[in-house]
Amino acid sequence: MTTDNDKYLPGQTVLITGRTSYIISINSVNISVGLANETIISEGQVVSKKGNVFPRAIVPFDQTNSFSYDYTIPKNAKLGNYTVMAQVPFGVFSISFQVVNQLPQTIETPPQVNATQGNATQGALTTQSAVPSTIGPTQKPIISNVITADKVNRITDSFIPITIKEKTIGNSTFYPRMIDGLIRVNTGDESNVNLKVTLEDGTCLIGKDADCKVSGSTQNSGSLYQTIQIGNQNFLIGYSGPGARLEKFTILPADANGVIPDGQWNVQILKKDQPSRFYYQITYTSTK
C-alpha cells in the first residue's frame, strides 16, 4: 500500500493504492484514516483512544488485485501525522502521511521531461523478479544498492516525452530496466480520457486504437503481460485497458537481464479539457 505523496495541505486529496499477492484473492478492503497518535485497533475496528469508531470506506479490488482510493483531507484537519488503516480478512495494514501548513520545496533533480507540472523524486527499489506481480507504479522507493528509480507525479499535460538513458550515480552505472505509468481521471470521464504510448518513430505501442500493438487489457489466462517485439528485442507489456478511472501500464524487457535501449518514449493523454493526473516511474538496474 502506498500514497502518492508523503506530505499534504489541509483540503488536498490523498491517492491511496495497494495490492494483494496473487495467491490471495479478496473483493474489497476497508479503509480508515485518523491521527497517528489517536488511532488504535479494538475488537476488529479502527477507533480513537476515546473509543470513537472512525468512518470507513469499502473499496473494491480490480481485476489485477489492486485498489485505489481518493481520501480528501478536511480543510479543518489538525496538522500532524496520520495513519491509513486497511482491513482485510487476513490482517490490518497501515501507512502514514503528514498534514502540514506548507509543502517543502522539491530539491531533487528531476528526470528529463518537458512536463510543466510534476514532482520528481529519486530513490531506490528492492530488486524485483523478471515479471512484476502488478501493473503500474504501486511501490514506494526503499534503499537498495542495485536498483534505483526516478518518479514523476501529478503531470497534467497532454503530451509527456520520457527520455530513457543510462545514468551514473557515484561510481556505479545504472541501466533503464522498467517503465511504469498510471493516469488518474475524475469519475465520469473514464470514456473520454485515455492514454497512448508511442515509440520514437511514431509507432503506437499502447492505446485504444486498433493499430496499437496493445489495445486492450493484457490480463488473460492468469498472465498480466503480452510479449511484443520492438526492433530486435522482446518486451513484456502490461496494460490494464482503456475506459477506467485508473489506466496503468508496465514495460520491461522479456529477458530477465535485458535493459531498455536509450531513446524517447512519448505518452499522450487523449482528452479535451478534462482534468487528469499522470504518474510515471523509470526503474534502473546496475547489472546488465
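Return the residues of the range 67-78 that are out of contact with any Pro (no Cβ under 8 Å at 6 or more places or on another chain) and not charged (D, E, K, R); say none if nothing qualifies. Step through it out loud before you land on a result.
Step one: of the range 67-78, the residues out of contact with any Pro (no Cβ under 8 Å at 6 or more places or on another chain) are 68-72, 78.
Listed by number, the residues that qualify are Ser68, Tyr69, Tyr71, Thr72.
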Inset, instruction - Collect the residues in the range 13-36 that are outside any strand (DSSP E or B), more than 24 Å from Asn153 (Cβ to Cβ) and at pLDDT 85 or above, keeping them in residue-number order. - result: Asn27
Legend entry - Filtered residues of the range 248-287 (kept if polar (S, T, N, Q) and within 20 Å of Cys212 (Cβ to Cβ)): Thr250, Gln264, Asn266, Gln268, Ser276
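Kindly evaluate Gly207 against the criterion of being within 17 Å of the chain's Cα centre (by Cα) and buried (at least 16 other Cβ atoms within 10 Å of the Cβ).
Numbers: within 17 Å of the chain's Cα centre (by Cα): no; buried (at least 16 other Cβ atoms within 10 Å of the Cβ): yes.
Criteria not met by Gly207.
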Inset, instruction - Scan the range 218-249 for residues that are over 20 Å from Lys271 (Cβ atoms), among the hydroxyl-bearing types (Ser, Thr, Tyr) and assigned to a loop (DSSP other than H, G, I, E, B) and report the count. - result: 2
Inset, instruction - Could you grab me the full set of residues in the range 185-207 that are more than 19 Å from Tyr279 (Cβ to Cβ) and in contact (Cβ under 8 Å) with a residue 40 or more places away in the chain? - result: Ser191, Asn192, Leu199, Glu200
Inset, instruction - Name the one entry in Thr168, Thr163, Thr173 that is free of Cβ contacts under 8 Å to residues at least 40 places away in the same chain and not in a loop (DSSP other than H, G, I, E, B). - result: Thr168
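The values are calculated or read from the model by the stated rules, or taken from the named source; none is laboratory data. What you are looking at is a predicted structure, and each value in this text was computed from that prediction instead of being measured. FYI the Cβ positions are ideal-geometry reconstructions off the backbone, even for glycines, and counts take in every protein chain you see.
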